[in-house]
1. Quick one: count up the residues across segment 150-187 that are free of Cβ contacts under 8 Å to residues at least 60 places away in the same chain and among the hydroxyl-bearing types (Ser, Thr, Tyr).
2. Residues in segment 146-158: is at least one farther than 25 Å from LYS70 by Cα and either surrounded by 18 or more Cβ atoms within 10 Å (Cβ to Cβ) or in the same structural domain as ASN75 (by TED's automatic domain parsing) (or both)?
3. Give the residues of segment 66-122 that are among the charged types (D, E, K, R) and more than 23 Å from the chain's Cα centre (by Cα), sorted by residue number.
4. Among the residues of segment 181-193, count how many are over 21 Å from the mean Cα position of the chain (by Cα) and within 15 Å of PHE18 (Cβ to Cβ).
5. Name the residues in segment 126-149 that are of a type in the set (Phe, Trp, Tyr) and either free of Cβ contacts under 8 Å to residues at least 12 places away in the same chain or over 16 Å from LYS91 (Cα atoms) (or both), would you?
Amino acid sequence: MLSKFLDPKNDVAFKKIFGTEKNKDILIHFLNDMITFKENGPIKEVTFLKTTQDPETAAKKTSIVDILCKDNKGNQYIVEMQVAKEKGFEKRAQYYASKAYISQVHVGGEYHNLKEVIFLAIAEFVMFPKKEHWKSDHVILDRESYEHDLKGFSFTFLELPKFRKSIHELSNIPEKWMYFFKHAEETSEEDLQKIIGHDQIIERAYDALNRFSWNEEELLTYAQAEKYEGAYHASLAQKFDEGVEKGIEKGVEKIAKNMLMSDINIEIIASITGLTAQKIKNLSSNTEEK
């Protein structure tokens with residue numbers, strides 16, 4: 001049966017929900033629901049800024065989306081949906097945040113006027129294995145007093161695999177957002193009413209995902225993004241399998257070499273390792289040359 005709702009983790013769907021003028025109030029609510037504001041207070045308005053990606057990162061397509069905006073006080077927000085586990089993603093988060101911070105200098109050239117940069121990522125993989133909770137907030141603190149003196153950056157990471165609550169266990173808006181990202185595509189009409197309750201923004205987010213409100217061109221673009229993402233994951237899986245196979249092969253060869261050095265008969269080595277006698281003889285030659 002065809003699902004009514006599309007996947008919010010898809011590049012096209014994510015941008016439609018959170019990256020358009022029409023739905024920017026959804027983005028504002030999402031940011032206010034997920035980010036802890038202690039001094040500046042909640043966001044009242046946002047302006048979308050031109051997004052720029054590092055050319056190498058864009059070519060690899062490891063970052064599915066990058067939304068950049070600023071609020072009414074000038075603070076900038078980077079919002080990313082990260083579906084592929086990427087080595088050093090937390091470092092790239094800091095790199096993007098620093099680029100956004102530096103980009104403000106040309107405006108007036110006065111450092112004391114630099115505004116805060118907030119990086120928010122929804123990750124479809126576990127980033128911090130030692131942390132139990134699905135949401136983590138990171139700021140720069142004094143090592144001894146834990147005072148928050150350097151307030152230029154903050155990072156919030158939402159790890160979808162760590163969120164395991166069912167519909168009946170949802171108790172607040174942040175949990176509803178997490179359920180939305182993780183299970184929107186499989187949500188039924190009956191379940192939808194239980195999730196929404198009186199939360200109009202969550203309802204609007206689901207409405208934006210209703211495939212029957214999308215035109216043919218939008219659905220085609222969505223399908224293309226989905227197809228590309230599937231191909232990318234398949235490519236990663238293939239590389240992983242090849243790496244495992246190569247690693248096993250090297251391990252077997254190392255065992256065979258050790259057995260040769262112990263003067264074990266080649267036929268016995270072949271029966272144990274599965275290598276051909278000729279392969280073992282070649283290993284023997286290489287060992288003698290060294």
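The values are calculated or read from the model by the stated rules, or taken from the named source; none is laboratory data. All values derive from a computational prediction rather than experimental measurement. Here Cβ is always computed from backbone atoms with ideal geometry, including for glycine, and neighbour counts include all displayed protein chains.
1. So the answer is 3.
2. yes
3. Matches in segment 66-122: ASP71, LYS73, GLU110, LYS115.
4. Of the residues in segment 181-193, the ones over 21 Å from the mean Cα position of the chain (by Cα) are 187-193.
If we keep only those that are within 15 Å of PHE18 (Cβ to Cβ) too, we end up with none.
Of the residues in segment 181-193, 0 are over 21 Å from the mean Cα position of the chain (by Cα) and within 15 Å of PHE18 (Cβ to Cβ).
5. Passing the criteria: TRP134, TYR146.
Rundown of residues vs (1) among the small types (Gly, Ala, Ser); (2) modelled with pLDDT of 95 or more; (3) within 23 Å of the chain's Cα centre (by Cα), yes/no style:
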site: PHE153; (1), (2), (3): no, no, yes
site: LEU158; (1), (2), (3): no, yes, yes
site: SER171; (1), (2), (3): yes, no, no
site: PRO174; (1), (2), (3): no, yes, yes
site: TYR179; (1), (2), (3): no, yes, yes
site: ILE195; (1), (2), (3): no, no, no
site: HIS198; (1), (2), (3): no, no, no
site: GLU218; (1), (2), (3): no, no, no
site: GLY230; (1), (2), (3): yes, no, yes
